[in-house]
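Since the structure comes first, as structure tokens, the remarks are kept for the end.
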Amino acid sequence: MMENEILVQIRQTVKQLCKGFPGSYWQEKDRNRAYPEEFVQALTEAGLLSSLIPEEYGGAGLPLSVASAILEEIHAQGCNGAACHAQMYTMGTLLRHGSEEQRQKYLPGIASGELRLQAFGVTEPTAGTDTTSISTMAVRDGDEYVINGQKVWTSRAEYSDLMILLARTTPKDKVQKRSDGLSVFVVDMRKTVGNGMTIRPIRTMINHATTEVFFEDMRIPADSLIGEEGKGFKYILTGMNAERILIASECIGDARWFIETASDYVRDRKVFGRPIGQNQGVQFPIARSYAQTEAAKLMVQKAYGLYDEGKGCGAEANMAKMLASEASWAAGEACLQSHGGFGFAEEYDVERKYRETRLYQIAPISTNLILSFIAEHELDLPRSY
């Protein structure tokens, strides 16, 4: 079967599934800041969240292009994949760098949905995007590590069984390179929450289930270490391209939703005896955002094509995320503006999607840092940070 036929089938599956979760479902979750448990469970049961896990561990063993299509379609149907998208890519650190024993222990459960690996503990309040400046420490004590520190913006921690945690195992002033001395662990949160780990929700402008996490003499088994001690920064980086590409795919889906919703509305909405969509002042922003979206989609396709071929795609993944997030925001602006006052009404879903898509010019990496990366690595300009 050709890949494009697989993608058509996947999109149809997602579209049908999303019909069971209309705007009213998301409005209620947003209103109450509630986790979309039913939606996540439906995706799990359909096998969509395990698409990237190899067949030998119970997954579908499909390429990133398929995961991209899944998340794009979820967002194009008015739903939101942020509640569970980390289940797709966070496991990559475990898959690529974990031992066979660790893979056998965790991946089949993640694939079946018995285990949720949603939490990614990297960012810290004082370090922000400067990951090499994190201060959370993991100190070896016999056959355990003792961890102290704090993480922030650790989304879905309350709804996860496992966490991929980046911590310092060598003090920053004792390493030669600033990227050295960091290690990655898989933490069984079922054992650590309330036993050295404390989770505090952060209420934000969108329903994103994000938190801050505190570690106070939290003990985990020494075999929780993924790969070699001190090599964690490299391990984390290998998963970031997939994350950027999949987030870009969500943005493409958001843009599609905004463009279709705006076009449908202005085609039917009549003011002064004519459809407002007949006016160029209304048409042009929607048409421009369509052009932006189509261009960004090509960069997403280029990025996941390189990724699936095992080739370097750092610049392409970053550009895809930047261009797609800007396209979705432009489409959101056009959609909200064309709806006028109705765009602010909860029942139309425009204001919810508008708030949700704005996040992706900031997370998982800000636009300014992407531009800095391109300037340094593609244009050979002096490093600015």
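Would you mind counting up the charge near Arg116? Only other residues with Cβ under 9 Å from its Cβ, with Lys and Arg at +1 and Asp and Glu at -1.
With Lys, Arg at +1 and Asp, Glu at -1, the neighbours total -1.
Would you calculate a helix-derived [θ] at 222 nm for the chain, using -39,500 (n - 2.57) for each DSSP H run of n ≥ 4 and dividing by the full residue count, to the nearest 500?
-16000 deg cm²/dmol
Taking the Cα centre of the chain as the origin and placing charges on Cβ (Lys, Arg +1; Asp, Glu -1), which of Gln27, Ala303, Ala262 is farthest toward the positive end of the dipole?
Ala262
Tell me the angle of helix 3-18 to the major Cα principal axis of the chain, expressed in degrees between 0 and 90 and rounded to the nearest ten.
80 degrees
Once R0 is set to 25 Å, what does the formula 1/(1 + (r/R0)^6) return for the Cβ-Cβ distance between Arg355 and Thr129, expressed as a FRET efficiency to the nearest 0.05?
The pair Arg355/Thr129 has a calculated efficiency of 0.70.
Given springs between every Cα pair under 10 Å in a Gaussian network model of the chain, which of Val14, Val122, Val282 has the largest fluctuation?
Among Val14, Val122, Val282, the largest GNM mean-square fluctuation belongs to Val282.
If R0 is 41 Å, what FRET efficiency do you get for Lys191 and Thr367 from their C-beta distance, rounded to 0.05?
So, using R0 = 41 Å, E works out to roughly 0.60.
Along its three principal axes, how long is segment 187-226 when you only count alpha carbons? Whole Å, largest extent first please.
39, 20, 13
Quick one: compute the contact order of segment 1-155, relative version, from alpha carbon pairs under 8 angstrom and 6+ residues apart, as a percent.
19 percent
What Kirkwood hydrodynamic radius do you get for segment 112-252 when you take the inverse of the mean 1/r over all pairs of distinct Cα atoms, in Å?
For segment 112-252, the Kirkwood estimate is 15.5 Å.
Counting only heavy atoms of the protein chains, get the accessible area per residue of the chain (1.4 Å probe) and round it to a whole Å² value.
45 Å²
Over 20 Å intervals from 0, what percent of Cα-Cα pairs in the chain sits in each interval?
Spelled out bin by bin, the chain gives 27, 57, 14, 1 percent.
Please express the shape of segment 55-110 as an equivalent ellipsoid: the semi-axes are the square roots of 5 times the eigenvalues of the C-alpha gyration tensor, given largest first in whole angstrom.
25, 11, 9
Of the accessible area of the chain, with the probe set at 1.4 angstrom, what percent is carbon plus sulfur?
51 percent
The values are calculated or read from the model by the stated rules, or taken from the named source; none is laboratory data. Bear in mind the structure is a predicted one, so any value in this text is a computation, not a measurement. Neighbour counts run over all protein chains shown; Cβ positions are idealised from the backbone, glycine included. Surface accessibility is based on the protein's heavy atoms, side chains included, excluding ligands, DNA and RNA. Shrake-Rupley method; radii C 1.70, N 1.55, O 1.52, S 1.80 Å.
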